[in-house]
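Some notes on the structure that comes next.
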Amino acid sequence: MLAGIDAAIVDIVPLLVRRWRELAFADDGVLVVDGGRREGLAVEAGTHPAAGTRYSLVTVGERAGHFDIELVEDGDSVFAARIEQRGDVPIEFELTKPARRAVLRFAGEVDGPWPIGGHVSGDARIDLDRLPGDGDPPVVMSIEHPRLVGDLRAFVRAVDGGWQVDVDVHLRGNGIHRVVLAPVIMFVGRRAVRDLIDKVAGELDAVVQGLDPVKAADRVARRFLDSVARYRIQT
């Protein structure tokens with residue numbers, strides 16, 4: 001149950017795109033409201049926010065990491081970006097209008113011992129205009145791995161002033177691994193999905209509860225800039 005979260009959260013997504021476009025950059029980083037700058041987010045090539053612009057992002061704190069970002073498309077009907085954490089699987093994000101569908105795509109190599117390591121690919125689709133709603137699931141995800149294939153469908157319904165999320169997960173071993181890995185996949189996979197939903201629910205509650213979409217988007221944007229490293233790390 002996502003308590004305190006209602007359909008207004010859907011309006012936050014396009015507002016966050018607008019906040020991204022409104023960012024101002026100097027030669028050595030992004031400008032912040034206090035007049036200073038943070039070097040951890042910088043334009044590497046191109047002109048912000050034009051399509052084709054490439055950025056480097058260094059974050060600190062709980063989600064510390066080094067990311068490469070490319071703005072693939074930025075128009076009236078489509079906003080698309082490619083995000084890659086160095087050493088991890090790249091993710092492509094696409095937001096379309098007027099249907100307001102968000103799509104995540106990922107493909108790359110996962111390092112690790114058997115059975116984790118290998119090429120992984122998949123996609124997730126979120127139909128924002130159908131959150132919440134009955135009928136077909138507004139959230140659909142698929143994943144493929146040499147030893148695992150699966151899909152997820154999430155049904156989001158309005159209940160008692162919040163959202164209730166019911167998830168249907170199908171995970172199975174791929175090929176000859178179907179029988180050997182089936183018990184492990186079902187236990188670990190379902191638990192991971194449940195833990196992820198609980199975590200997302202808690203984070204969303206902390207950010208948006210009691211706020212209108214504009215204030216919630218401002219809070220998300222402010223927290224993002226607070227996570228950007230003050231000084232650039234040369235690698």
(request) Pop a pseudo-label 7 angstrom from the Cα along the beta-carbon direction at both Ser121 and Lys97 and give the gap in nm to one decimal. (result) 3.1 nm
(request) Would you grab the residues whose amide H sits under 5 Å from the one on Gly29? Only those 5+ places off in sequence or on another chain, please, with H modelled 1.01 Å from N. (result) Val43
(message) Given axes a ≥ b ≥ c from the Cα gyration tensor, I'd like to know whether the range 15-145 is rounded (a/c under 1.5), prolate (a/b larger than b/c) or oblate.
(response) oblate
(request) Report the local net charge at Val32: Lys and Arg +1, Asp and Glu -1, summed over other residues whose C-beta lies under 10 Å from its C-beta. (result) +2
(message) Based only on other Cβ atoms within 10 Å, what is the fewest-to-most ordering of Tyr55, Tyr231?
(response) Tyr231, Tyr55
(request) For Arg222 and Val60, compute 0.36 nm times the residue count separating them, minus their Cα-Cα distance, and round to one decimal in nm. (result) 56.9 nm
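Since every read-out is calculated from the coordinates, none of them should be taken as a lab result. Source: prediction; values computed, not measured. When we count neighbours, we look across all protein chains shown, and the Cβ atoms used for this are built from the backbone with ideal geometry, even at glycine.
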